[in-house]
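Asker: Sharing a structure here in C-alpha cells format.
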Amino acid sequence: GGNNAGHTVVVDGKEYDFHLFPSGIINPKAISFIGNGVVIHLPGLFEEAEKNEKKGLKDWEKRLIISDRAHIVFDFHQAVDGLQEVQRQAQEGKNIGTTKKGIGPTYSSKAARTGLRICDLLSDFDEFSSRFKNLAQQYKSMFPTLEIDVEGQLKKLKGYAEKIRPMVRDGIYFMYEALHGSPKKILVEGANAALLDIDFGTYPFVTSSNCTVGGVCTGLGVPPQHVGDVYGVVKAKMGIGAFPTEQINEIGDLLQSRGHEWGVTTGRKRRCGWLDLVILKYAHMINGFTALALTKLDILDVLDEIKIGVAYKLGGKRIPYFPANQEILQKVEVEYETMPGWKTDTTGARKWEDLPPKAQNYIRCVENHVGVPVKWVGVGKSRESMIQLF
C-alpha cells in the first residue's frame, strides 16, 4: 500500500501517527525499510516526518532505507483518485470509499507499465521529466478537468530527489544481506488487512495491492522459505462493502465510541460489529497464521453478553466458504454463539491470570474455532497493555 493506511503507535506515553513510516522507526536500534511493493508519495513522506518530529521522533533519516524499485505516487494520481470517486458516485450511486491518496491510480500506472519509480527519479532527470510529462498528458486526456502544474511538480520532485538520495538502496541486495549476514530479527509489517487484498478481499471494495502474506515475497523480494511466524492482528473494520456482523445499533455505537474507532488517515468512523470467525478463518486459510494478536478486549468490558459470528447461512443452510460475490455476501445470515460478558474492567490486566474467567473463555473460544493460538491480548493503547500469553 501507501499512505492510505494509518497506524497509531503509542510508546512511552507518546502517540505517533504513521502512514508511510514503518512502525519500527521509533526504535533507535532498528533499521526501517520501505520495500518495493509500497507506493510512495514524497510530499506525504516528509509531511509525516515533520509531524512526528514535533512529537519527539529523532534521526529518522539515519534509520530509514527506501527501495529504489518502489513506485512514486504523484500529486496528479491523488487528484485522479478523487475524480474517479466522484465519477463512481455519479454513475453507480456508490463509490469505493478510497482514501483519495492516489494509491489505486499509482498501482494502475504500475500495471500499465507507465509508472515511474524511485530509481528513475534518482537517475537521469531529463529522461524522468519526459516520462513524467507523458504520464501527465495521458491523465489529462482521460480527465479533461484535471489541472497539472508540470513544471512546478518537476521542480519539487527534483528537491525531494536530493533529500531522499542518501536513504535509497537496492532493496534486493539489502534484504539478501539482512537475511544471510549476522543473525537478525526481521519483522515485516503489512498495512491493511486480508479483506482489503486485491485478490482475496471483498472486491471491488479493496485496496490495490496484496496485503496478505504473499506481499512479504512480492513486496520485499524475500523468498518464501524465509517466512517464519505469521501473526494475525484482529481489530475493527472500516470502509464500504459487505460486513455481515456489523451492528448498526447501540452496540455498534458503543464499540465505536469506547474503541475510539476513527480512521487515522480519513477521520471516518470505523464500522464496528461482533467478531466474525468466518472472516478470521478465511484469513487464516490464506495467511497460515502461527499466532493471533487479539486487540481491544477492554472495549467489551461493559457488555452483558457478547456474540461471536461462527458461521454463515444462505437460504437457511450453512456454507463452508466466504462468498466471493458482494451481492451474495450481502445476503448471508450470521449464526452466532452468545457468551456472558465479564462486566469487569480489564485495562489493569498484565497477565493471563489477571483476566476474568469469562474473558478467558472468550479468548479460548476464538482459539478453538480458528485453530490458532492467541499470543497477545490487548487491553489498552500502551505497550504495557499487551498481555503476552506464551
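The values are calculated or read from the model by the stated rules, or taken from the named source; none is laboratory data. Every value quoted in this text rests on a predicted model; they were computed, and no experiment measured them. Cβ atoms come from the backbone with ideal geometry, glycine included; neighbour counts cover every protein chain shown. To get the accessible areas, we keep the full protein, side chains included, count just its heavy atoms, and leave off ligands, DNA and RNA. Shrake-Rupley method; radii C 1.70, N 1.55, O 1.52, S 1.80 Å.
Asker: Show the residue pairs that are 6+ apart or on different chains and have beta-carbon atoms under 6 Å apart, the first residue being within the stretch 123-149 and within 15 Å of LEU83 (Cα to Cα), the second being of a type in the set (D, E, K, R).
Answerer: Here the result reads LEU146/LYS140, each pair linking the stretch 123-149 to a residue that is of a type in the set (D, E, K, R).
Asker: Here is a follow-up. Based on what the data block shows, is VAL80 more than 21 Å from the chain's Cα centre (by Cα) and either outside the structural domain of LYS133 (by the TED database) or open to solvent by less than 10 Å² (accessible area, probe 1.4 Å) (or both)?
Answerer: Judged against the criteria, VAL80 is a match.
Asker: Mind checking which pairs have a first residue in the stretch 53-69 that is assigned by the TED database to the domain that holds SER123 and assigned to a loop (DSSP other than H, G, I, E, B) and a second that is surrounded by 17 or more Cβ atoms within 10 Å (Cβ to Cβ) and of a type in the set (Ser, Thr, Tyr), Cβ under 6 Å, 6 or more apart or different chains?
Answerer: LYS55/TYR16
Asker: Another question about this same structure. In the stretch 1-18, what residues are surrounded by 13 or more Cβ atoms within 10 Å (Cβ to Cβ) and not in a strand (DSSP E or B)?
Answerer: Hits for the stretch 1-18 are GLY1, GLY2, ASN3, ASN4, ALA5, GLY6.
Asker: Looking only at residues in the stretch 133-166 that are among the polar types (S, T, N, Q) and open to solvent by less than 90 Å² (accessible area, probe 1.4 Å), which one is farthest from the chain's Cα centre (by Cα)?
Answerer: If we take residues in the stretch 133-166 being among the polar types (S, T, N, Q) and open to solvent by less than 90 Å² (accessible area, probe 1.4 Å), then SER141 is farthest from the chain's Cα centre (by Cα).
Asker: Say we look at the stretch 184-216 and pick out the residues that are assigned to a loop (DSSP other than H, G, I, E, B) and among the aliphatic types (A, V, I, L, M); which of these is farthest from the chain's Cα centre (by Cα)?
Answerer: ILE186
Asker: Now a separate question. What's the number of the condition LEU121 fails, among (1) under 17 Å from HIS41 (Cα atoms); (2) out of contact with any Leu (no Cβ under 7 Å at 6 or more places or on another chain); (3) not charged (D, E, K, R)?
Answerer: (2)
Asker: Considering LEU292, LEU314, which residue is within 24 Å of the chain's Cα centre (by Cα) and in the same structural domain as GLU246 (by the TED database)?
Answerer: LEU292
Asker: Looking only at the stretch 246-273, count every residue that is touching a residue at least 40 places away in the same chain (Cβ under 8 Å), touching a helix residue (DSSP H, G or I) at 6+ places or on another chain (Cβ under 8 Å) and open to solvent by less than 40 Å² (accessible area, probe 1.4 Å) and tell me the total.
Answerer: Number of matching residues: 2.
Yes/no per residue for (1) open to solvent by 30 Å² or more (accessible area, probe 1.4 Å); (2) in contact with a Ser or Thr (Cβ under 9 Å, 6 or more places away or on another chain); (3) within 20 Å of GLN330 (Cα to Cα); (4) modelled with pLDDT under 90:
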| residue | (1), (2), (3), (4) |
| --- | --- |
| ILE186 | yes, no, no, no |
| GLY201 | no, yes, yes, no |
| GLY219 | no, yes, no, no |
| GLY228 | yes, yes, no, no |
